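Trainee: Starting off with a structure, shown below.
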Amino acid sequence: MPLSSRNFRIALLAFVAASLTVIFLSLERGISHRRWPVKTLADADRSLVAREKVVDATVAGLISLPRVPLPLPRNHRIAPHELTVYRIRARLIAVREMLDGDFHVTLADPESPAARMIVEIPAEREGAASGLSESWRRARRTVRERGANGRLVRITGVGFFDYTHWQPGAAGNGFELHPVLSVEFLMSPINNKRGLLAEPSGKPSGNRESYIAAFAVRWISVAHIFPSLSFWTSKRIVSPTLRSSTFASLTFVVSFQ
């Protein structure tokens, strides 16, 4: 029995969706694993990182650092910033668990909310070479239990230049703290009970951002999607209890007349 026109469109779109999912997941792994030894403090230069000397910095200051020339070394660090441990005070906007296991944390500068950057907490299993499995376990547990909601945090981590590919909150120069070494939630001078800050007008909020990976048929475009794979293929963590706070990796939205 031949397929009706409507059923043929459904079957075709399902095939396209499945094919794109396979492509997206394959490319996401390639993107997220670039400079993997440096990201997990397992690189050849890890002994040169001045972990005993912590430098206080700001989000606005770190995202103003000059870009470094490409290509970036896979197993070596870029002095001096990738040999430095930074400590910043920031507002936690959103947290997502990526397919590679990292917690992808978006931060905003409390004094300059438009200044944003990403910091990442690796999965505990990646801490064998660095001996940081327990530190990452504590940091991830703290973030998971407390959630985002614009809370003030103090985060300590190692400087890192990532390849710049579009994703919400990423610094224009690709600078991150990766790996994060510790996370501390602070009391806010505005609300000392929950450590919350008012959301700046016109800026996305950790509560209001949907960040659901929804690809409408009209949106499926190689030019748009490929650079943002590691963002779209993620789960979002927004609440202390995690109820209704994680979403399927990919949701395809299709409408028929």
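The values are calculated or read from the model by the stated rules, or taken from the named source; none is laboratory data. Remember, it's a predicted structure, so these values are computed and weren't measured experimentally. Reconstructed Cβ throughout: ideal geometry from the backbone, glycine too, with neighbour counts over all protein chains shown.
Trainee: Return the residues of region 125-140 that are under 19 Å from the mean Cα position of the chain (by Cα), within 14 Å of Val38 (Cα to Cα) and surrounded by 20 or more Cβ atoms within 10 Å (Cβ to Cβ); say none if nothing qualifies.
Mentor: The answer is Glu126, and nothing else.
Trainee: Among the residues of region 153-169, how many are in a loop (DSSP other than H, G, I, E, B) and either surrounded by fewer than 22 Cβ atoms within 10 Å (Cβ to Cβ) or at positive phi (or both)?
Mentor: 7
Trainee: Give the residues of region 80-127 that are free of Cβ contacts under 8 Å to residues at least 24 places away in the same chain and among the hydrophobic types (A, V, I, L, M, F, W, C), sorted by residue number.
Mentor: The answer is Ala123, and nothing else.
Trainee: It is to be established whether one or more residues within region 130-147 are under 17 Å from Val59 (Cα atoms) and without any contact (Cβ under 8 Å) to a residue 60 or more places away in the chain.
Mentor: Looking for residues that are under 17 Å from Val59 (Cα atoms) and without any contact (Cβ under 8 Å) to a residue 60 or more places away in the chain, one finds none in region 130-147, hence no.
Trainee: Hey, does region 142-152 have a residue that's part of a helix (DSSP H, G or I) and of a type in the set (Ser, Thr, Tyr)?
Mentor: yes
Trainee: Which residues, taken from region 66-99, are in contact with a His (Cβ under 7 Å, 6 or more places away or on another chain) and of a type outside the set (A, V, I, L, M, F, W, C)?
Mentor: Passing the criteria: only Arg96.
Trainee: Quick one: what pairs do we get from region 57-70, first residue within 15 Å of Ala90 (Cβ to Cβ), second among the hydroxyl-bearing types (Ser, Thr, Tyr), C-beta under 6 Å, 6+ apart or different chains?
Mentor: Partner pairs satisfying both residue conditions: Ala57/Tyr86; Ala60/Ser112.
Trainee: Something else: Hand me the list of strands (runs of 3 or more DSSP E) wholly inside region 1-117 holding 3 or more residues that are of a type in the set (S, T, N, Q), at pLDDT below 95 and within 22 Å of Val143 (Cβ to Cβ).
Mentor: Passing ranges: none, list empty.
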